[in-house]
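A quick write-up on the structure given underneath.
The values are calculated or read from the model by the stated rules, or taken from the named source; none is laboratory data. Here the structure is a predicted model, which means the values were calculated and not measured. Methodologically, a virtual Cβ is constructed for each residue, glycine included, from the backbone with ideal geometry; neighbour enumeration extends over all protein chains shown. Quick note on the areas: whole protein, heavy atoms, side chains included, nothing else; ligands and nucleic acids left out. Shrake-Rupley method; radii C 1.70, N 1.55, O 1.52, S 1.80 Å.
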Amino acid sequence: MPVFPLPEQMRTALDAAARAGAAGEVPVGAVVVHDGRIVAVAANAPRTLHDPTAHAEMLAIREAARILGRERLEDCDLWVTLEPCAMCAGAIAHARIARLYYGASDPKGGAVEHGPRFFAQPTCHHHPEIYAGIGEVEAGALLRDFFRERRA
């Protein structure tokens, strides 16, 4: 089976996730792309910011909206290292993100292919295109190593 290099967007999200892990945060990173260029990069920071909503996706979406000067990001893509939770899926829908790319699945806390399957609900008014498993091996390794160190 051929091995393909990761897209720059996912590599950047993984780098942000690694920085989050080094800072004691759960290693999740996110990137927003507009017109083929990265406009926002964020890492998980709930502990650092004392903010339970400071997930990487939320921070990246907020920053992209600020930079682009609008609340609707319908022409943007979101790359994230972990399957988004329900809160982040809600933000993705409200921001009207066009495409969601994510690495590792999250059977416990994910809300895209697990749990509530947020975008499949009839009350969800926007459904991004979804591409899962990009950088899954690398993202999963970051998470496993992070939690293994915490249990040791």
| request: Decide, for the range 1-60, between rounded, prolate and oblate: order the square roots of the alpha carbon gyration tensor eigenvalues as a ≥ b ≥ c, take rounded if a/c falls under 1.5, and otherwise choose prolate if a/b is larger than b/c, else oblate. | output: oblate
| remark: Per the helix-only model, the chain has a calculated mean residue ellipticity at 222 nm (DSSP H runs of ≥4, -39500 (n - 2.57) each, divided over all residues, rounded to the nearest 500) of -11500 deg cm²/dmol
| note | Between the Cα axis of helix 56-68 and the main Cα principal axis of the chain, the angle (0 to 90°, nearest 10) is 40 degrees
| request: Can you grab the distance from the C-alpha centre of the range 73-88 to the C-alpha centre of the range 112-142, Å, no decimals? | output: 8 Å
| task | Among 78, 59, 49, determine the one that fluctuates most according to a GNM of the chain built with springs between C-alpha atoms less than 10 Å apart. | result | 49
| task | Restricting to the range 5-152, compute how many DSSP beta bridges are antiparallel as a %, nearest 5. | result | 55 percent
| task | Counting only heavy atoms of the protein chains, get the accessible area per residue of the range 1-120 (1.4 Å probe) and round it to a whole Å² value. | result | 47 Å²
| message | When a/c reaches 1.5 or more, the comparison of a/b and b/c decides; with that in mind, is the range 4-119 rounded, prolate or oblate per its Cα gyration tensor? | response | rounded
| field | Inverse of mean 1/r across different Cα pairs in the range 53-152, Kirkwood, Å | value | 13.9 Å
| Average Cα contact separation per residue, the chain, under 8 Å, 6 or more apart, as relative contact order % | 20 percent
| query | For the chain, with the dipole built from +1 on Lys and Arg beta-carbon atoms and -1 on Asp and Glu ones, taken about the Cα centre, which of 101, 31, 21 lies farthest toward the positive end? | reply | 21
| remark: So the carbon and sulfur contribution to the accessible area of the range 17-59, 1.4 Å probe, in percent, is 58 percent
| said: Which residue fluctuates most in the GNM of the chain (Cα springs below 10 Å): 31, 112, 137? | reply: 137
| Quick one: with all protein chains in place, what share of the accessible area of the range 76-129 is carbon or sulfur, to the nearest percent (1.4 Å probe)? | 55 percent
